[in-house]
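A quick write-up on the structure given underneath.
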Amino acid sequence: MGTHLPATEFDGTAVDDQREADAEAVMGEPPAQMVQLLGPDGKLGFDPVFSEYAEKVTPEILRGLYADMAAIRRFDVEATALQRQGQLALWVPLTGQEAAQIGSGRASRPQDYIFPTYREHGVAYTRNVDLAELLRQFRGVSNGGWNPKDTNFHLYTLVLAAQTLHAVGYAMGIQRDQKLAAAQGSSGEAAVIAYFGDGASSEGDVHESMVFASSYNAPVVFFCQNNHWAISVPTNVQTRVPLSNRAKGYGFPGIRVDGNDVIAVHAVTEWALEHARQGKGPVLIEAFTYRVGAHTTADDPTKYRQSAEEDAWRAKDPLARVEKYLRNEGLADDAFFAKVKADGDELAAYVRRTTHDLETLDIRSAFANTYAEAHPLVAEELAWFEEYTAGFEGGDQPAESSGQPAAKAGH
């Protein structure tokens, strides 16, 4: 008799989250409805609530949304190439999630404050963050790269879910500022968006932030990009029900939206931000999307998911469906799409040029800046590093001799 190997929790992963639907049926819950206005076939549908918001997306705005998505995808390709060529220490791709990021980012207002994770390059683009500056952190020459006060777009947070607590605290501050402003006869409504992934949804920080947001009716929108994979762990291991359903337990609305439909994402986010700004409390948005590429450039997704799954999601490409709609409705021609491509290439060239021009940081500065005063453990580690680098010809750090950023040395 042959040996039977036990199945893992990843076996039989369904692209359509059938396990979630089955779990809901067992619990007597109605299946989660997903807001979708523009389908993969490029045809526009109707929603009794959100079509009203979608009507505000004029042909000009929609062309802009497409151009934004195309630009950030081109940037993503360029940043990945820069990392492979040793110009960045790491890169976090976003391909496949352009609609979720551009749609939500463009729905916000300048006075709204945004707390990202580390993959919201598209949202950063909508907030006028210089993408070349954004790469400073991934090159290892800056702890951030931009001033959040200039754009109301916070620095990237590498610690999973920590930004959700920061966002609620900031939203509670806005809430108090608005009460003071109202007492003085002025107004200035604003809200906060906190981005996080399906993997981060399992962190205690998310639970705690939602408890506080609900308890204090804070003006915050929780935006979960459910891209189906927390590195190698699929969503159905994170949760047995749609993530948007979790909002019920905290007493505020939860909406699942097709994260590859930029029109629907824009409409849902605009509604949610209005809800928060008007003092009606928090909202949870689950953008149902997919990470087409790797989790980071240090990851190999072929080790844990099948190509058939990736192919199925590529058929739902957020850019392709908008292009179909624009062409079918006669709202854009070949000249428009050619210009979008040319603009993307120009952006990529700018990013490449400025990245090459960035300074390379001597890693010794990291030892010097760890503590305000000398520390024996840091001194010991620096001595080891000096001994290590002395083993290379000329005593230089290996990264410097190869043209790579010095921040990679010693690993």
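For this structure, a couple of remarks:
- When the range 268-280 is filtered for residues that are in contact with a Gly (Cβ under 8 Å, 6 or more places away or on another chain) and of a type outside the set (Ser, Thr, Tyr), only HIS275 remains.
- Taking the criterion of being part of a loop (DSSP other than H, G, I, E, B) and either in contact with a Ser or Thr (Cβ under 7 Å, 6 or more places away or on another chain) or crowded, with 21+ Cβ neighbours inside 10 Å (or both), the residues of the range 254-278 that qualify are GLY259, ASN260, ASP261.
- The lone criterion from (1) assigned to a loop (DSSP other than H, G, I, E, B); (2) surrounded by fewer than 23 Cβ atoms within 10 Å (Cβ to Cβ) left unmet by LEU94 is number (2).
- Pairs meeting the criteria (first residue in the range 377-393 and free of Cβ contacts under 8 Å to residues at least 60 places away in the same chain, second residue surrounded by 13 or more Cβ atoms within 10 Å (Cβ to Cβ) and aromatic (Phe, Trp, Tyr), beta carbons under 9 Å, at least 6 apart or on different chains) are VAL378/PHE367; ALA379/PHE367; GLU381/PHE367; LEU382/PHE367; PHE385/PHE367.
- ILE114 vs. criteria under 17 Å from VAL351 (Cα atoms), β-branched (Val, Ile, Thr) and at pLDDT 95 or above: no
- Residue list for the range 306-340, restricted to those being of a type in the set (Ser, Thr, Tyr) and either in contact with a Gly (Cβ under 6 Å, 6 or more places away or on another chain) or not in a helix (DSSP H, G or I) (or both): TYR325
- The lone exception for ARG127 - which of (1) open to solvent by 30 Å² or more (accessible area, probe 1.4 Å); (2) free of Cβ contacts under 8 Å to residues at least 40 places away in the same chain; (3) of a type in the set (D, E, K, R); (4) within 16 Å of ILE72 (Cβ to Cβ) it fails: (1)
- Among residues of the range 74-99 that are in contact (Cβ under 8 Å) with a residue 60 or more places away in the chain and farther than 23 Å from GLY197 by Cβ, those with a Cβ under 7 angstrom from a residue that is crowded, with 21+ Cβ neighbours inside 10 Å and of a type in the set (Lys, Arg), sequence gap 6+ or separate chain, pair up as GLN87/ARG139.
- Check on GLY173, open to solvent by less than 70 Å² (accessible area, probe 1.4 Å), out of contact with any helix residue (DSSP H, G or I) (no Cβ under 9 Å at 6 or more places or on another chain) and under 30 Å from PRO234 (Cα atoms): no
- Among residues of the range 222-237 that are at pLDDT below 95, those with a Cβ under 7 angstrom from a residue that is part of a strand (DSSP E or B) and of a type outside the set (Gly, Ala, Ser), sequence gap 6+ or separate chain, pair up as THR235/ASN226.
- The residues of the range 352-380 that are surrounded by 14 or more Cβ atoms within 10 Å (Cβ to Cβ) and either at pLDDT below 90 or farther than 30 Å from VAL77 by Cβ (or both), listed by number, are LEU358, THR360, LEU361, ASP362, ILE363, ARG364, ALA366, PHE367, VAL378.
- For THR151, the test of being in contact (Cβ under 8 Å) with a residue 12 or more places away in the chain, under 18 Å from ARG127 (Cα atoms) and out of contact with any Pro (no Cβ under 6 Å at 6 or more places or on another chain) is passed.
- Filter pass, ALA213 being small (Gly, Ala, Ser) and either out of contact with any helix residue (DSSP H, G or I) (no Cβ under 9 Å at 6 or more places or on another chain) or open to solvent by less than 10 Å² (accessible area, probe 1.4 Å) (or both): yes
- Number of positions in the range 37-58 that are open to solvent by 80 Å² or more (accessible area, probe 1.4 Å) and of a type in the set (Ser, Thr, Tyr): 0
- Pairs where the first residue, in the range 314-329, is open to solvent by less than 20 Å² (accessible area, probe 1.4 Å) and among the basic types (Lys, Arg) and the second is outside any helix (DSSP H, G or I) and modelled with pLDDT of 95 or more, C-beta under 6 Å, 6+ apart: ARG321/LEU38; ARG321/PRO40; ARG321/GLY42
- Among the residues of the range 181-188, at least one is touching a helix residue (DSSP H, G or I) at 6+ places or on another chain (Cβ under 9 Å) and either open to solvent by 10 Å² or more (accessible area, probe 1.4 Å) or at pLDDT 95 or above (or both).
- The range 117-148, residues that are at pLDDT below 95, assigned to a helix (DSSP H, G or I) and of a type in the set (Gly, Ala, Ser): ALA132
- Inspection of the range 54-77 identifies no residue that is among the hydroxyl-bearing types (Ser, Thr, Tyr), out of contact with any His (no Cβ under 7 Å at 6 or more places or on another chain), modelled with pLDDT under 95 and not in a helix (DSSP H, G or I).
- Search result, residues across the range 100-111 that are surrounded by 23 or more Cβ atoms within 10 Å (Cβ to Cβ) and free of Cβ contacts under 8 Å to residues at least 60 places away in the same chain: GLY105
- The helices (runs of 4 or more DSSP H) found entirely in the range 149-253 that carry 2 or more residues being among the polar types (S, T, N, Q) are 162-183, 204-215, 235-238.
The values are calculated or read from the model by the stated rules, or taken from the named source; none is laboratory data. Treat the numbers as computed from the prediction; the structure is a model and nothing was measured. Counting neighbours? That spans all protein chains shown, and the Cβs are built from the backbone with ideal geometry, glycine included. Side chains are part of the model used for accessible areas, which takes the heavy atoms of the whole protein and leaves out ligands, DNA and RNA. Shrake-Rupley method; radii C 1.70, N 1.55, O 1.52, S 1.80 Å.
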